[in-house]
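Working notes for the structure below.
No lab work stands behind these numbers, since they all come straight from the coordinates. Because the structure is predicted, anything quoted here is derived from the model rather than measured. Note that we place each Cβ from the backbone using ideal geometry, even for glycine, and neighbour counts take in every protein chain shown.
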Amino acid sequence: MIDMKGVTKKYSNGVTALSSVDVTIKQGEFVYIVGPSGAGKSTFIKLIYREEKPSSGTVTVGGINTATLRQRSVPALRRKVGVVFQDFKLLPLLTVYENVAFALEVIEEEPNMIRKRVMEVLDLVGLKHKARMLPTELSGGEQQRVAIARSIVNNPKVVIADEPTGNLDPDTSWDIMRLFGMINERGTTIVMATHNKDIVNTLRRRVIAIENGRIVRDEQRGDYGYEA
Amino acid sequence: MNSGVTTAMKPRTLRRHFRESFKNLRRNGWMTFAAISAVTVTLLLTGIFLVIMLNVNKAGTDIERDVEVRVHIKLDTTEAEKEQLKQQISSLPEVESITYSSKEQELQNLIKDMGSDYALFEQSNPLYDVYVVKTARPQDTPDAARKIEQFAQTEKAVYGEEEVKNLFSFMKTARNVGAVLVAGLLFTAMFLISNTIKITIFARRKEIEIMKLVGATNWFIRWPFLLEGLWIGLLGSILPIAAIAIGYYYAEQAFSAQLASQLVDFIDYLPLVLPVTALMLVMAVFIGIWGSFLSVRRFLKI
């Protein structure tokens, strides 16, 4: 599903965020990306949805080589990849329903299909009854669930999450993790950068640890390995 | 290698872009007002400037066309020699037309222009018989005059040397200054629109970021902002176009009467107002769309 070969990323300010990274993530996997701040986790994530291009090496996502992808073909890639962020990135003036529907409207889906899909995913994340509320009327955990609903409404093959529980209290974080688990069980690949030691150590999955731009550890059912 | 995303626009999508562009205008009410005002002021200044320049240009051309060489014929010239001189002048390549005016006619013209006091000269006419020579191109007047002076029966070839030179250089300067000013004003308006759209885009950068992340195409994102620029341009052009259309009507009426006897005249209403307002409309649309195009570009690089 995701294949990185000899990936090095140097930013124009001279910082080398990743060097010689080789990773293969198969369809249906659930992967934690861990490591200290500034180690290169965010760059790793950004390479997958082509916010950044590798300086050298290849990044292949669902058969698409992001390094040689032309600008006008980027939308095609993004439609295969759902993204979730620490700060939710919801539009404050739109209702819960509208926020989720927005992701389908801007890729010009059929209105009937939009209504059906949005209600389905809102049901899945348990917010069907709050569809008409504004994001500000929801708790942080509920807002993140709206963001997750938006990321999967298009049935992407992979969901990328950058510190999705970073702004949430422990109880709420567990709810969010259960939701990601459910999505993963439906066959969606999940790649999650996280600092949450308890979650990584309890819900054992594959762990990829990045330090100073290099992969220092890649274990199935690994642990967090850092002091929180 | 990889298929892009279809670019043909569905009617539903077009409706959405229109809706969004109007929503943008309303949501950023004061900025919209400021941008429209900027277009209005710029187009008004440009329009007035164009009208003045076109009229000055026409006056210049009128005056240029009136430049003529007056060839004073030596007093002792016979009819045959006059005919020969006429042939000589006509054969010059610069010359377009030549007309004869006897010294009696000249005096009558003088009396008509200057008053009956000059009728005294009827006793003993001090004037010359004259050939009035016009050149095809006004700039050739000095050359033609110099050549005509060489002919045997020419007493003098007069053409108001200084005035002609001054007029030509004034016309040239006026046209250049006008072109530079109009270009400057256009640039200013485009800059103002571009900045306004930038602010409305800035207010929506989160929305654009999400659109980019979920895979909206650049054109899908761009359309509402281009339309917004278009509306700003069009709304901004209403007042200036009306002002030019109505203002020129009254200006022409008021001044035409006074200018009736003069050499110069205003350009007629429709031949001026139609092209000028059409040009203003085109400029409004162009600066609106181009201004917003420039500002959207920066925000699409995610």
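Summary table
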{"item": "Most mobile of B:Asp143, B:Asp268, B:Asp76 in a GNM of chain B (Cα contacts under 10 Å)", "result": "B:Asp76"}
{"item": "A:Ser20/A:Ser139 FRET efficiency (R0 35 Å; Cβ-Cβ; nearest 0.05)", "result": "0.25"}
{"item": "Inter-label distance, nm, simple model (7 Å from Cα along the C-beta direction), B:Trp30/A:Met119", "result": "4.3"}
{"item": "Bins of 20 Å from zero: percent of alpha-carbon pairs in chain B", "result": "24, 34, 23, 15, 4, 0"}
{"item": "Approximate spin-label separation B:Val158-B:Arg297, in nm, with each point projected 7 Å along Cα-to-Cβ", "result": "6.2"}
{"item": "Dimensionless Rg/Rh of region B:218-302 - Kirkwood Rh, Rg from C-alpha atoms", "result": "1.26"}
{"item": "Sites B:Gln150 and B:Ser116, calculated FRET efficiency, Cβ-Cβ separation with R0 56 Å, nearest 0.05", "result": "0.90"}
{"item": "Placed amide H near A:Ile210: partners under 5 Å, 5+ positions off or other chain", "result": "A:Val34, A:Gly35, A:Val216"}
{"item": "Length added when fully stretched, B:Lys82-B:Ala242, from 0.36 nm per residue minus Cα-Cα", "result": "51.8 nm"}
{"item": "Loop sites in region A:192-228: trypsin sites (Lys or Arg not before Pro), DSSP, at most 12 other Cβ within 10 Å", "result": "A:Arg221"}
{"item": "R0 of 30 Å, Cβ-Cβ distance B:Asp62-B:Gln123: FRET efficiency to nearest 0.05", "result": "0.20"}
{"item": "Listed residue pairs exceeding 22 Å between alpha carbons, taken from B:Lys82/B:Lys103; B:Lys134/B:Lys156; A:Lys46/A:Lys116; B:Lys58/B:Lys103; A:Lys197/B:Lys206", "result": "A:Lys46/A:Lys116; B:Lys58/B:Lys103; A:Lys197/B:Lys206"}
{"item": "Whole-Hz ³J(HN,Hα) from phi, Karplus 6.51 cos²θ - 1.76 cosθ + 1.60, for region A:136-145, glycine and proline x", "result": "5, 8, 10, 6, x, x, 5, 4, 5, 5"}
{"item": "Two-site label geometry, A:Asp87 and A:Arg132: point separation in nm, points 7 Å out along Cα→Cβ", "result": "3.1"}
{"item": "Dipole magnitude (debye, nearest 20) for chain B, charges at Cβ of Lys, Arg, Asp, Glu", "result": "3920"}
{"item": "Rg followed by Dmax, in Å, when region B:68-158 is reduced to its Cα trace", "result": "13.8, 41"}
{"item": "Base-10 log of normalised Debye intensity for the protein assembly as shown (one unit scatterer per alpha-carbon) at q = 0.13 Å⁻¹", "result": "-1.21"}
{"item": "Angle in degrees between helix A:170-185 and the longest Cα principal axis of chain A, rounded to the nearest 10", "result": "90"}
{"item": "Normalised per residue, the volume of the convex hull around the Cα set of chain A (Å³)", "result": "125"}
